[in-house]
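The block underneath contains the structure these notes are about, expressed in structure tokens.
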Amino acid sequence: MGHGVTWLSFLPGYQQLQDYLREATHNASLFGNALLIQHVVAAVLVVLIVSLVGIQAGMEIRRLGDAAVIPSPTPSLRGFIEVALEWLYNQAHQIIGKDAKRYFPVIGTLALFIFFCNILGLVPGFAPPTDNWNTTAACSIFVFLYYNYHGLRAHGLGHIAHMANPAGTWWGWFISPLMFPIELVSHVARPFSLTVRLAANMVGDHAVLAAFLGLVPVLVPLPFLLLGFIVCLVQTLVFVLLTMIYIGLSVAETHHDEEHDEEHEAAAHA
């Protein structure tokens, strides 16, 4: 297949839609690059796959009832996902704290979406949606808005004040003119670093795999498929763990304040 051509390119109406969008955005095309919608269609495919897996797992759990808590004696996709999500939840609980349950639905969904997007690139004839900056930027911007929303929800304007005075002391306000720009740049750089890290690694991994599949399509690519799977897994973990850390940093002060309030209340009762 040529550059930018996958099995999805043969879907009915795919080429017509791409030509229409290319013509409609011809003058607005950034850097004059050709418009490709492969990553959009592939991302929709991943959403459908994840949704079907979730529906099937939910139906199986409802069918088994209380017996669903007993692990299956044979390996299954549901068992793999349950183990992976349980491990992720334990990590979220350690990083975020007792409120991890509140944020975990978003964290778990993000992990499944990114992992399946990455894995799609290991299937010959497909390209991962995450090798496109539009996909990774969308995930990164969502994470940026999500943790800042919860920071503002938990602290109000104190979330912004914390950027000017991270130490939270009276003398910290004297260096706030220096600290606020540094913290602001640090926060703005987070979605950019998430975007570049995930996209660059997936582009490199897919390029290496495609090169060896093109040279010798039998046996030789197997070690690179294994390496590609490790890259897909590691990049998913890096993205999700950083998301947990950002959420934890945004809401950590609330937990700290609540603990102090409880201590003061206990002291008052005593």
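The values are calculated or read from the model by the stated rules, or taken from the named source; none is laboratory data. Note that this is a predicted model, so its numbers are computed, not measured. Positions of Cβ are backbone-derived with ideal geometry, glycine not excepted, and every protein chain shown enters the neighbour counts.
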**OP:** Taking residue 194 as meeting all but one of (1) within 20 Å of residue 130 (Cα to Cα); (2) without any contact (Cβ under 8 Å) to a residue 60 or more places away in the chain; (3) out of contact with any Cys (no Cβ under 9 Å at 6 or more places or on another chain), write down the number of the exception.
**Re:** (3)
Original post:
Has the range 209-220 got at least one residue that is under 26 Å from the mean Cα position of the chain (by Cα) and surrounded by 12 or more Cβ atoms within 10 Å (Cβ to Cβ)?
Top reply: yes
Original post:
What number of residues within the range 1-36 are surrounded by fewer than 17 Cβ atoms within 10 Å (Cβ to Cβ) and modelled with pLDDT of 65 or more?
Top reply: 19
**OP:** State all residues of the range 152-169 that are part of a helix (DSSP H, G or I) and over 18 Å from residue 182 (Cα atoms); if no residue qualifies, say none.
**Re:** 152, 153, 154, 155
**OP:** Within the range 48-106, work out how many residues are charged (D, E, K, R) and in contact with a helix residue (DSSP H, G or I) (Cβ under 6 Å, 6 or more places away or on another chain).
**Re:** 1
**OP:** Note down all Cβ pairs under 6 Å where the first residue falls in the range 1-20 and is polar (S, T, N, Q), the second is modelled with pLDDT of 80 or more and in a loop (DSSP other than H, G, I, E, B), and they're at least six residues apart or on different chains.
**Re:** 6/125; 6/126; 6/127; 18/37
Subject >> The lone exception for residue 217 - which of (1) assigned to a helix (DSSP H, G or I); (2) at pLDDT below 80; (3) not aromatic (Phe, Trp, Tyr) it fails >> reply: (1)
Original post:
So how many residues does the range 62-94 have that are surrounded by 11 or more Cβ atoms within 10 Å (Cβ to Cβ) and under 21 Å from residue 113 (Cβ atoms)?
Top reply: 14
